[in-house]
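FYI, it's all coordinate maths here, none of it is from the lab. All of these numbers come straight from a predicted model, not from anything done at the bench. Every residue, glycine among them, receives a Cβ derived from its backbone with ideal geometry; neighbour counts consider all protein chains shown.
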Amino acid sequence: MRAVTWRGVNEIGVEDVAEPSILNGHDIIVEVGLSATCGSDLHLVGGYVPAMRAGDVLGHEFMGRVVDVGRDVTRHQTGDRVVVVSFTSCGRCWYCTQGLFSLCDNGNPNPAITEALWGQAIGGCYGYSHALGGWAGSHARYIRVPYADQGAFTIPEGVSDQRALFASDAAPTGWTGAHLAGVQHGDVVAVWGAGGVGQMAARAAMLMGAERVVVIDRLENRLEQVRTHIGAETLDYERIDVAAELRERTGGRGPDVCIEAVGMEAHGSGPSHLYDQVKQQLRLQTDRPTALREAIYACRKGGSVFTLGVFAGLVDKFPLGAVMNKGLTLRGAQQHGHRYIPEILDHMSRDEVRTEHLATHVMSIEDGPRGYQMFTEKEDGCVRAVFAPGA
Ligand SMILES: NC(=O)c1ccc[n+]([C@@H]2O[C@H](COP(=O)([O-])OP(=O)(O)OC[C@H]3O[C@@H](n4cnc5c(N)ncnc54)[C@H](O)[C@@H]3O)[C@@H](O)[C@H]2O)c1
Ligand SMILES: [Zn+2]
Ligand SMILES: [Zn+2]
């Protein structure tokens, strides 16, 4: 079968790979209907996440139809239309039973790499390097889904493929951030980044009762999507002083919750950005925390800062003094989607969560390199390139 693969830093290929088959009784095989690019893929493509190998199939946000079922699977049958969470979690280990699914002890068959990086291994994710398990990704006709009773969710009738697709990764990531950051009724929430993840974090915060949600970016087409489809306020950080404007909108106090949905390749300007970029390219630091720093400075005293944006290792000029002296709570996580997807699908059925607009460019697998180019460069207003392998 044809698949979109990683060939090297900034090199995307389309090639023939072996079709998957059931290897374990808990597996299903899904015929991929739609598979989206995600901001996390950019960190792989750019060479910021280690342990990719030439020929690895990319893609972790997907939906499709079940075409084969292992003998121990109880919740799925051939023909079911499913959305699959991007993390491969067992549902049974200590972490899974605490609802911390992306920290699963069994979802990553190569724990040594992240153990060396972070002290302890985290779970696995499709198409996300050998550090996160080496699982084949979803930009292909078929994909093997392990722990299928835990990770695959039947899509309610009436929820379109294009809407359900984003219940795989972008939406549950937004829910993870808003929930674990502790969004409460009446809060003011600021979100950095108006990509799929930032938009979904904003929507989650609104549904969790936030009184005011402000999304920050510089790309007008994305800010426009936020106003139209999410219903949140927006700020263009190239036009105004974000911290001052956020104070202005919060009676001088600053947002109660600040969610960072940008990650290690943040855009910025001025000498500090240049300094960060040079250090990152020389591998003297692995990540550029521009938006995270801004979130920490902008947050109200005693507030909560959450990073959904992916960071791989070490950062420089981290404002620990502000975190400590302002009494901030700082958290981050990869998404624990297993916990939120049923609720998200319900919201989607009731038209309370809309995501179709994120799929700005739908194309065939053969267009893999073009899709990644458009998504990376944000060409033609691309928010997500989506591959339809059957098209
Ligand atoms: N925690 C998780 O489980 C999880 C899951 C999916 C994605 N992610 C991560 O979330 C982040 C966002 O993902 P995405 O798919 O929305 O990516 P994306 O690339 O589509 O969007 C990122 C947005 O951030 C904006 N941005 C860049 N610099 C900024 C700055 N300084 N201030 C404000 N906005 C800025 C960009 O213009 C862009 O619109 C990525 O780091 C991705 O790896 C995490
Ligand atoms: Zn992702
Ligand atoms: Zn587990």
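Relative to its residue count, the range 1-147 spans a Cα convex hull of 104 Å³ per residue. The order of T78, T114, going from fewest to most other C-beta atoms within 10 Å of their C-beta, is T78, T114. Which whole-number percent is the relative contact order of the chain (Cα, under 8 Å, 6+ apart)? Over the chain, the number comes to 18 percent. The stretch between Q281 and Q184, if pulled fully straight at 0.36 nm per residue, gains 31.0 nm over its current Cα-Cα span.
Working from Cα pairs under 8 Å separated by at least six residues, relative contact order for the range 1-107 is 24 percent. Taking the square roots of 5 times each eigenvalue of the Cα gyration tensor of the range 337-391, largest first, gives ellipsoid semi-axes of 26, 13, 10 Å.
Taking a ≥ b ≥ c as the square roots of the Cα gyration tensor eigenvalues, the range 197-249 comes out oblate, since a/c reaches at least 1.5 and a/b does not exceed b/c.
Once both labels are positioned 7 Å from their Cα atoms along Cα-to-Cβ, the gap between R239 and A51 label points is 4.3 nm. Here the chain is assigned +1 on the Cβ of each Lys and Arg and -1 on the Cβ of each Asp and Glu. Its dipole about the Cα centre then comes out at about 860 debye.
Cβ-to-Cβ counts within 10 Å put T74, T286, T173, T355 in ascending order as T74, T286, T355, T173, the fewest first.
Looking at the chain, the DSSP beta bridges with both ends there are about 55 percent antiparallel. Taking a ≥ b ≥ c as the square roots of the eigenvalues of the alpha carbon gyration tensor, the range 171-328 is prolate, as a/c is not under 1.5 and a/b beats b/c.
Counting 0.36 nm for each residue step from V9 to K378 and taking away their Cα separation leaves a gain of 131.0 nm. As a proxy for reagent exposure, ranking V4, V159 by other Cβ atoms within 10 Å from fewest up yields V159, V4.
Taking Cα atoms only, the orientation of helix 170-180 departs from the longest principal axis of the chain by about 50 degrees. As a calculated quantity, the FRET efficiency between S160 and S21 at R0 = 35 Å, using C-beta atoms, amounts to about 0.75.
When +1 charges are put on Lys and Arg Cβ atoms and -1 charges on Asp and Glu Cβ atoms, the dipole computed for the range 50-140 relative to its Cα centre reaches about 180 debye. The modelled label-to-label distance for the pair E356/Q98, using points 7 Å beyond Cα in the direction of Cβ, is 4.1 nm. The stretch between M363 and Y297 holds 19.7 nm of extra length on full extension. This uses 0.36 nm per residue minus the Cα-Cα distance. Under 25 Å of direct C-alpha separation, and excluding same-chain neighbours fewer than eight residues apart, K279 reaches these lysines: K317, K378. When the Cα positions of Q335, F387, H357 are compared along the charge dipole of the range 319-391, Q335 comes out farthest toward the positive end, with charges on each C-beta of Lys, Arg, Asp and Glu. Per residue, the convex hull spanned by the alpha carbons of the chain comes to 128 Å³. If you take the beta carbon distance between T78 and R370 as r and set R0 to 41 Å, what does 1/(1 + (r/R0)^6) give as a FRET efficiency, to the nearest 0.05? That pair, T78 with R370, gives E of 0.80.
Give me the orientation-averaged projected area of the Cα convex hull of the range 125-186, in nm², one decimal. Reported value for the Cα convex hull: 6.4 nm².
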